[in-house]
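Take a look at the structure below.
The values are calculated or read from the model by the stated rules, or taken from the named source; none is laboratory data. Predicted model only: the values in this text are computed from it and were never measured. Heads up, the Cβs are rebuilt from the backbone with ideal geometry, glycines too, and the neighbour counts pull from every protein chain shown.
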């Protein structure tokens with residue numbers, strides 16, 4: 001929890017052999033549901049500029065670019081994304 005209603009997804013990884021099977025979407029939905037159950041209204045995450053697949057996946061799932069936050073502020077290789085849970 002970053003605040004009373006904001007949760008950060010710290011790490012999410014799917015083995016290359018399982019990519020494209022819906023596993024990543026299922027994991028993300030489970031994280032969103034767990035965050036919502038804890039009162040979160042918004043999810044945020046950080047990925048790197050060298051992770052184009054992660055950025056595409058996040059954008060496809062409704063996450064939009066947001067200003068860098070927390071320890072990521074000033075990070076030249078950081079990209080932060082967020083999504084309101086009510087929009088799903």
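A few remarks follow.
- Answer from 40, 34, 26, 30 - the residue that is in a loop (DSSP other than H, G, I, E, B) and more than 11 Å from the chain's Cα centre (by Cα): 40
- Options 82, 39, 50, 70; residue that is in contact with a strand residue (DSSP E or B) (Cβ under 6 Å, 6 or more places away or on another chain) and in contact (Cβ under 8 Å) with a residue 24 or more places away in the chain: 82
- Residue check, residue 58 under 18 Å from residue 84 (Cβ atoms), surrounded by 18 or more Cβ atoms within 10 Å (Cβ to Cβ) and within 12 Å of the chain's Cα centre (by Cα): yes
- Test for residue 12: is it over 17 Å from residue 86 (Cα atoms) and part of a loop (DSSP other than H, G, I, E, B): yes
- Just so you know, in region 7-33 the residues that are buried (at least 18 other Cβ atoms within 10 Å of the Cβ) and in contact with a strand residue (DSSP E or B) (Cβ under 7 Å, 6 or more places away or on another chain) include one that is farthest from residue 68 (Cα to Cα), and it is 32.
- Checking each residue in region 34-43 for being in contact with a helix residue (DSSP H, G or I) (Cβ under 9 Å, 6 or more places away or on another chain) and surrounded by fewer than 17 Cβ atoms within 10 Å (Cβ to Cβ) picks out 36, 41.
- The residue that is modelled with the lowest pLDDT, counting only those in region 44-88 that are part of a loop (DSSP other than H, G, I, E, B) and touching a helix residue (DSSP H, G or I) at 6+ places or on another chain (Cβ under 7 Å), is 88.
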